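Below you'll find the structure, written out as structure tokens, and then a few comments.
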Amino acid sequence: MPNISRAEVAHLAKLARLAVTDQELDVFAGQLDHILDAVAKVGEVAAEEIPPTSHAVPLTNVFRDDVVVPGLTQQEALAGAPAAEDGRFRVPRILGEEQ
């Protein structure tokens, strides 16, 4: 005997704005009943002495510590550039004069 009735399935379908046939109501009632039974079994297993977890195994931070290291000087950065001007990379103009 299903715990959820055809009328309840029809009401849910109406709320979700789904058009379902009478045959689909019967199928969905059975499927939703199985889903509700599975959720109830999970609820039976959960105990108060078991703390909630987000992962099955403990996680550790895999990131390295931030370490400040010296970067390139302006001259070193521009040393490999094909063209430089006024201490900056020189790139070809891509916009026309009208912009």
*Ignoring everything but the protein chains, give the 1.4 Å probe accessible area of residue 28 in square angstrom, nearest 10.*
70
*residue 84's amide H: which non-local residues (gap 5+, or another chain) put their own amide H closer than 5 Å, with H modeled 1.01 Å from N in plane and none for Pro or chain starts?*
90
_Neighbourhood net charge (13 Å Cβ-Cβ; Lys/Arg +1, Asp/Glu -1) for residue 8_ = 0
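Below 12 angstrom from the Cβ of residue 30, what's the summed charge of the other residues (Lys, Arg +1; Asp, Glu -1)?
Charge balance near residue 30 sits at -3.
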*asked:* Using a Förster radius of 30 Å, what is the FRET efficiency between residue 33 and residue 55 based on their Cβ-Cβ separation? Nearest 0.05, please.
replied: 0.45
*Rounded, prolate or oblate: which fits region 1-92 when a ≥ b ≥ c are the square roots of the eigenvalues of the alpha-carbon gyration tensor, with rounded for a/c under 1.5 and prolate only if a/b beats b/c?*
oblate
*By how many degrees, between 0 and 90 and to the nearest 10, does the Cα long axis of helix 22-45 differ from the longest principal axis of the chain?*
80
*Among 92, 75, 28, whose Cα lies farthest out toward the positive end of the dipole of the chain, if unit charges sit on the beta carbon of Lys, Arg (+1) and Asp, Glu (-1)?*
92
*Quote the relative contact order of the chain in percent (integer), defining contacts as alpha-carbon pairs under 8 Å separated by 6+ residues.*
17
*To the nearest 500 deg cm²/dmol, what mean residue ellipticity at 222 nm is calculated for the chain from DSSP H runs of n ≥ 4 alone, each contributing -39,500 (n - 2.57), summed and divided by the residues?*
-12500 deg cm²/dmol
*Give the angle, between 0 and 90 degrees and rounded to the nearest 10, that separates the Cα long axis of helix 6-15 from the longest principal axis of the Cα atoms of the chain.*
30
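The values are calculated or read from the model by the stated rules, or taken from the named source; none is laboratory data. Every value quoted in this text rests on a predicted model; they were computed, and no experiment measured them. When we count neighbours, we look across all protein chains shown, and the Cβ atoms used for this are built from the backbone with ideal geometry, even at glycine. What goes into the accessible areas is simple: the full protein's heavy atoms, side chains included, and nothing from ligands, DNA or RNA. Shrake-Rupley method; radii C 1.70, N 1.55, O 1.52, S 1.80 Å.
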